[in-house]
Amino acid sequence: MPAMPMPATAKPDALLSIRSVDKHFGTYHALRDVSLDVAHGEFVALLGPSGCGKTTLLRCIAGFLSPDSGTIRIGGEDVTRLPPHRRPLNTVFQHYALFPHLSILDNVAYGPRRHGVPRGEALERAREALELVGLDSAAGRHPRELSGGQQQRVALARAFVNRPKLLLLDEPLSALDLKLRKRMQIELKHLQEKLGIAFVFVTHDQEEAMSMANRIVVMNRGVIEQVGDGRAIYTRPASRFVADFIGEANLLPGTAEGDAGVRLAVGSALLPHLGADTRQRYTAVLRPEHVELLKEPEAPGLITDQGFVEDVIDTGGQTVVTVRVGEHLLASRRLGMAGEGLNPGAPVFVGFHPGHVHIIAEPATHRSGP
Amino acid sequence: MSAAMNRALPLLAAPVAFFIAFFAVPMIVVVSSSLMAGGVPSLGNYARVLLDQYHWDVLAATFRIAGLTTVACALLGYPLAYYLVRVVKSAALRRTCVILLVLPLFTSNIVRSFGWMVLLGRNGLVNDALVGVGILDRPMRFLGTELGIVIGLVYILLPFIVLAVGNALAAVDPALEDASSDLGATPFDTFRTVTFPLCLPGLMSGIVMVFTLAVSAYVTPALLSGGKITVFPMLIFQQYSTVFDVNYGGALSMTLLVMTLVLVGLAGWIGNAGATGRKAQ
Amino acid sequence: MITRLLLRVVSWSVMAYLILPLLVIVGSSFTATSYLAFPPQGLTLAWYGRMLGDSSYLAAFGTSTLLALVATAAALLLGVPAALAIARCEFPGKKFLLSLLMSPLVLPHVVLGAALLQYCAALGLMRSFTALLVGHIVIIMPFVLRSVLPQLTPEQRALEEASADLGARPMETFFLVTLPQIRSGLASGAIFAFISSWINVELSIFNTTAEMTTIPVKLFNYVQYTIDPVIAAVSSITIGVAALAIIILDLTVGLHLLSDRR
């Protein structure tokens, strides 16, 4: 289990505080002892492959699911057993869930009306919210007359019109095409900053998470694998799973040699690692952009080894060369057309800086994997 | 177009010819007979139907019975549909209930009405129970009353409304109800503002279907009326089976048909007007 | 909470209301008394024996079954090509044609029965098996169309094009690709069609005679005069056939009513 620095008690200033939440569906263990804090105004992404528990966690926060054990607090108040309509948060649903029988304006005014706001004022607020997402002109239309991107904005307006402290977004951009998705990512980020509402954003798209969130929560098999900003998660993944899921990674096995450190399978270099323990499994994470291709067997400051070109993929802007070193495959990513003269089978030298190697220690029995 | 026609024609020739020969032409024969009296064209048959107070009384009884049946079906069917679709969690239980709902639909009206003849008799189970519990002092007469016919018709038509409403309910995206409660609506508010409006087309088409079938029902009223109450389809049957006056009978048939078609048209209109509310994906 | 409880009570009462009459009929068919009694007093199969000894019942069962089988076969032979044409071809008046073919669903059967009586009398077919048969085909064809049409989707069309592309002749494509794909629609359409014919009274009653009659019509005529356990036994048989049809339907294509996936 990766180290999970998590305070046992809620931070006093946390807006959302989740403690030891467990959830089963029949025999399926969907959430295992999940704890998480979200601060006011923060943008947190729940990232993971499908079935990792991110949507289950979101639905527990919203109140559509009830955890088997654990507590969920919002603004210090225990809401674990509160029905959704009494929780001070709102949700943007994956397929928007706009009411097909109501106009756009009535959809957005729905929330304020349920909170007892008089009709006139509710419509006024709805208009303002629609203006904020640039859709005030569509107020009288019905959801299905709108494009996917427009429906997305309506769903957003409908969710923040109640001025919640916390907004939950369940893969809100997944139904949009790539270009629109990129644009909406920027708009969403700006809107979040403007409104000052904390966002908890579920996604399986790491690029989306990286570009929008202050903090990323990587989940796998119902467990939080790592919490941190995009940079930390990329450069210092806490587990093999995170290393593999976020970006591309060369995962090389290492052998513990006590206090001496960890011996790498490639280049047979000894990397310093305090208290390396033979009961642990060590994996070295090496990003392809840090693997250099050399003409000489030695290079100052680099760990080097010899191999043979396995494969060259040239995508125009960059080239990925896969090199076989012994029994291991090592990918190297170079900018530009770096593949020239490198034909499969050709001998080549690889080199990398020891500072770019990140070592992960996991119990040998850990079953976490891609 | 002509290529499509060339492909469609061989497929359509037999069914269309059959429907013209045994459906369209017979109906045209009825219409033309209804417009003939004593061998000459005449509207006399329709005058006979529409100017006779007796027919209006029969029509009123027919519509009263159909109306009561429809209201009762809606009031009993809606909760059952909601219960089966939204409350029952066990798929096996729901499946059993669906089978029990369809079983009556697969059984002849006559068999089902016959069951009520037994149950509603002076010494039937219903009277025994009502007297036994103390609701009634002595057995009540059901057979030969409009109430008896309504009980029988509600029984026969109830599954239609349960299935219509139930299928509409099952098609409502649960995310819409989640969204409603997420926005602060209480469960009752969610039902009132989201679930009910979205199922309304299903309910309305069920209602129109039940009303249409109730107006044109013959077997159940015939068995449960005990000869004391006449509904409109009985008049038609009498004209063709005993009196054999095809001109007058034709006018009666057309009167019933036109009323039915107006209702079906209404159903189609409501169905189109309320075509919203399917899954919003 | 109270609403929930009320909902439960109403729902189960309504379910009981739906089942009770059928239970009464089946139960009282076993009574040892000479009049209908429910709960049955004593237990006997005598009434079933009496029914089997009465050749008129057997004849009526025979007529009903033959009628339903032939009508279903004919409805499939006419309905499937019509469905194919409607789903696959564009031609003027398509909507009207579909409404025409579906209209027997909502037309009062008494009116259609009367029309066929008058028409068949003019053709010299009055009160014949043929007169019964054509009427039944007309009223059950909508069930075939309603079950088959939704299965003739554009995706299904692509499979047929693939088959043609691979060199299959139209008939080969129909039997090797189309038919296997619409099997479940055919099965449920056929079962609904069969049952609708098997239980019909309102249409049949015009064209039956004392000698040539169907089971529901015979029951109808009988029940108006006498009620005895033989009637309950005959009715129970028809309930059994209905239950069998539903079980076959559920096991072959599944009753996807009241559930989301349809």
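The values are calculated or read from the model by the stated rules, or taken from the named source; none is laboratory data. The model shown is predicted, which means the values in this text are computed figures rather than measured ones. Neighbour counts run over all protein chains shown; Cβ positions are idealised from the backbone, glycine included.
Observations
- Residue, nearest to the other protein chains (Cβ to nearest Cβ), within the stretch C:160-177, restricted to residues that are of a type in the set (A, V, I, L, M, F, W, C) and part of a loop (DSSP other than H, G, I, E, B): C:Ala168
- Among the residues of the stretch A:136-179, those that are among the charged types (D, E, K, R), within 16 Å of A:Phe199 (Cα to Cα) and out of contact with any Leu (no Cβ under 8 Å at 6 or more places or on another chain) comprise A:Arg163, A:Glu171.
- Flag for C:Leu132 being farther than 21 Å from C:Ala82 by Cβ, in contact with a Leu (Cβ under 8 Å, 6 or more places away or on another chain), more than 9 Å from chain B (Cβ to nearest Cβ) and at pLDDT 85 or above: yes
- Criterion (more than 10 Å from chain B (Cβ to nearest Cβ), modelled with pLDDT of 85 or more, surrounded by fewer than 24 Cβ atoms within 10 Å (Cβ to Cβ) and in a helix (DSSP H, G or I)) met by exactly one of C:Arg157, C:Arg146: C:Arg146
- Cross-chain or 6+ apart pairs with Cβ under 8 Å, the stretch C:35-52 first and on the phi > 0 side of the Ramachandran plot and assigned to a helix (DSSP H, G or I), then surrounded by 12 or more Cβ atoms within 10 Å (Cβ to Cβ) and among the aromatic types (Phe, Trp, Tyr): none
- Flag if A:Leu271 is assigned by TED's automatic domain parsing to the domain that holds A:Phe349, surrounded by fewer than 17 Cβ atoms within 10 Å (Cβ to Cβ) and either closer than 30 Å to A:Leu342 by Cα or not basic (Lys, Arg) (or both): no
- Of all the listed residues (B:Leu198, B:Leu158), the sole one being surrounded by 22 or more Cβ atoms within 10 Å (Cβ to Cβ) and closer than 26 Å to C:Pro21 by Cα is B:Leu158.
- Residue check for C:Leu66: part of a helix (DSSP H, G or I), within 10 Å of chain B (Cβ to nearest Cβ) and surrounded by fewer than 17 Cβ atoms within 10 Å (Cβ to Cβ): no
- Any hit, the stretch B:119-142, residues being facing chain C (nearest Cβ under 7 Å), in contact with a helix residue (DSSP H, G or I) (Cβ under 6 Å, 6 or more places away or on another chain) and not β-branched (Val, Ile, Thr): yes
- Residue in the stretch C:42-63 that is of a type in the set (Lys, Arg) and within 14 Å of chain B (Cβ to nearest Cβ) present: no
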